[in-house]
Amino acid sequence: MQHLPGFAPLADRYDGFVLDLWGVIHDGVNAFPHAVDCLRHLRDAGKRTLLLSNVPRPNDAVRTMMRRMGIEDALYTDILTSGEAVRRALQSPPDEWWAGLGQRVFHLGPERDKPVLEGLPLIVTDRPEDADFVLNTGPDDHRNPSDMNEFEQVLQDCAKANLKMICGNPDLVVIRGGVRVLCAGSLAARYQELGGDVRSVGKPDPAIYRPVLDVLNLPSERVLAVGDSLHTDIAGATGVGLAVCWVLDGIHGSSLSDGAGGFDPVKTEAAAKAAGVAPVATLPRFCW
């Protein structure tokens with residue numbers, strides 16, 4: 001595992017890149033200037049870049065958000081979100097589990113995630129007991145997004161109604177504007193503890209990588225995945241045989257600190273080993 005100060009040496013070794021968004025390109029509120037600069041270098045070098053994100057919103061909604069942040073469409077080749085994958089599965093069920101969901105859905109999540117359901121032949125209900133299934137996109141707008149206890153009752157209600165759950169974002173936590181908040185994956189994990197039937201869409205599920213690799217249209221050995229989460233980004237890419245680069249200044253940053261503004265390579269390598277992954281390299285942040 002190499003501990004590199006910047007991405008340039010890796011850019012020379014690969015032709016295509018699968019890049020995480022949250023924690024690598026932006027923090028949910030602002031783009032990272034160093035990451036935008038890195039995207040610009042990759043574009044100018046003729047590299048193919050696909051942004052793969054566990055955000056539970058359609059591709060177009062995320063593109064719009066990124067434009068507001070100053071991330072232009074021309075800076076990357078394509079994008080795929082877990083929200084887009086959910087929409088596609090609801091439109092064309094890939095198996096019997098999806099086909100048997102029903103038409104009445106209870107949405108557990110914030111209003112900004114509602115576009116994932118727009119235009120679909122579904123009826124959105126206000127209560128779990130009136131629904132056939134639940135779409136979980138994370139903490140809603142009515143509860144503290146950092147307190148798991150706030151969601152216990154609604155999860156209990158969904159379990160009592162015996163609802164299947166779609167988890168539209170397998171991430172457990174994320175740092176939004178410097179604050180650590182829960183993601184849909186944490187709610188889904190608790191729902192499984194309650195006996196709930198959950199289908200998670202997004203990293204680390206191997207299925208999310210198939211359309212990604214189709215778009216890049218490159219031999220897998222010429223593709224590098226970049227992310228900050230061991231649980232989703234790194235494990236997911238490793239599971240489909242891709243080389244991975246771990247960005248340290250993300251979800252695990254505080255636990256890897258060397259106490260002097262950098263990252264401890266001993267802690268870093270121990271964390272990767274404990275997670276059962278072997279990144280080819282680490283970066284302090286996604287910078288050139």
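All of the numbers you see were taken from the coordinates with simple rules; none came from a lab. Since this is a predicted model, take the numbers as computed values, not measurements. All Cβ positions, even for glycine, are placed from backbone atoms using ideal geometry, and neighbour counts span all protein chains on display.
Of all beta bridges that DSSP places with both ends in the chain, some 15 percent have antiparallel geometry. Over all pairs of different C-alpha atoms in region 1-135, the reciprocal of the mean inverse distance, the Kirkwood hydrodynamic radius, equals 16.9 Å.
For region 220-288, the convex hull spanned by the alpha carbon atoms encloses 76 Å³ per residue.
Counting charges near Leu224 (Lys, Arg +1; Asp, Glu -1) among other residues having Cβ under 13 Å from its Cβ returns a value of -1. Using the alpha-carbon centroid of each, what span in Å lies between region 35-84 and region 112-136? About 27 Å separates the Cα centre of region 35-84 from the one of region 112-136. Debye-formula intensities of region 9-61, expressed as log10 I(q)/I(0) at q = 0.13 Å⁻¹, are -0.34 (one equal scatterer per alpha-carbon, no solvent). The Rg/Rh ratio of region 96-200, with Rg taken over Cα atoms and Rh as the Kirkwood radius over Cα pairs, comes to 0.95.
When each of the peptides 49-57, 146-154, 161-169 is scored by how many other beta carbons lie within 10 Å of its residues on average, the order from highest to lowest is 49-57, 161-169, 146-154. Protection proxy ranking of 179-191, 208-220, by the mean of other Cβ atoms within 10 Å over each peptide's residues and highest first, is 179-191, 208-220. When the listed pairs Lys164/Lys203; Lys114/Lys160; Lys47/Lys164; Lys114/Lys273; Lys47/Lys267; Lys47/Lys114 are checked against a 29 Å cut-off, the alpha-carbon distance exceeds it for Lys47/Lys164; Lys114/Lys273; Lys47/Lys267; Lys47/Lys114. For region 38-110, applying the loop criterion from DSSP together with a ceiling of 10 other beta carbons within 10 Å to the chymotrypsin sites (Phe, Trp or Tyr not before Pro) yields no site.
With distances taken between every two different alpha-carbon atoms, region 134-285 has a Kirkwood hydrodynamic radius of 16.9 Å.
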